[in-house]
Every structure is written in C-alpha cells, then in structure tokens.
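Below is one structure, written out as structure tokens; comments come after it.
The values are calculated or read from the model by the stated rules, or taken from the named source; none is laboratory data. Quick caveat, the model's predicted, so the values are computed rather than measured. Virtual Cβ from ideal backbone geometry, glycine too; neighbours counted across all protein chains shown. Surface areas here come from the heavy atoms of the whole protein model, side chains and all, with no ligands, DNA or RNA. Shrake-Rupley method; radii C 1.70, N 1.55, O 1.52, S 1.80 Å.
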Amino acid sequence: MRSEPTNKWASKPERKRSAHSGKHSNPMRKLSRDMRANHPICAVCEVRPSTEVPHKRKWSESVAGRLDPRNCIAVCRSCHELLEKANNG
C-alpha cells in the first residue's frame, strides 16, 4: 500500500511572498481598497460600481506614481477594458 500523498500538489511547500514585491503587493491592495471606498461609482461611465483601480500612467513608466492616488482611477470592469484597449492601440 502507498503511504505518500497521491495528489502531486500536496507535497509542495507553501510559497512565501514578500509584502513589498510584485505588482499586486499589499500596499497596492490597500490603495485599491481605499480608492474604491472613496469612489464607489465608476469615474468613466458614472453608472456601475467601481471594482478596479488601474493606473493612469503605466506601472512600468511611473515608478514614483505607483502608489500615488492621483495616478489611479476607480472604474468598473467594462470601462477598465475600454481604457486598456485605448492605451494599447
């Protein structure tokens, strides 16, 4: 009889992440939560609730503005997709 786990993921160690690394780190999550709380309605269509907080200037272009609320906008999913299409060509 087999004693080790049959699930291949069961034996992998849990991943540890730094609180200050990655695009969606804790400071960005806090900023997003605060922006959506302060701006509950989409800033573009002004109809649907805001669910996302994209950057006005790209994340990679604006190192200083990454956690600046003036560089973010609270929008709904549909408007975020429209903004992404407009910015990417």
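Pairing residues of the range 29-41 that are on the phi > 0 side of the Ramachandran plot with residues that are in a strand (DSSP E or B), at Cβ distances under 9 Å and at least 6 apart in sequence or on separate chains, gives no pairs at all.
Considering only residues in the range 26-61 that are open to solvent by 50 Å² or more (accessible area, probe 1.4 Å) and hydroxyl-bearing (Ser, Thr, Tyr), the one that is nearest to residue 88 (Cα to Cα) turns out to be 60.
Among the residues of the range 62-89, those that are open to solvent by less than 80 Å² (accessible area, probe 1.4 Å), closer than 18 Å to residue 33 by Cβ and not small (Gly, Ala, Ser) comprise 66, 68, 69, 71, 72, 73, 75, 76, 80.
Residues are listed down the side, and each one gets a yes or a no for (1) farther than 19 Å from residue 26 by Cα; (2) of a type in the set (Gly, Ala, Ser):
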residue	(1), (2)
45	yes, no
50	yes, yes
56	yes, no
61	yes, no
65	no, yes
69	no, no
77	yes, no
80	yes, no
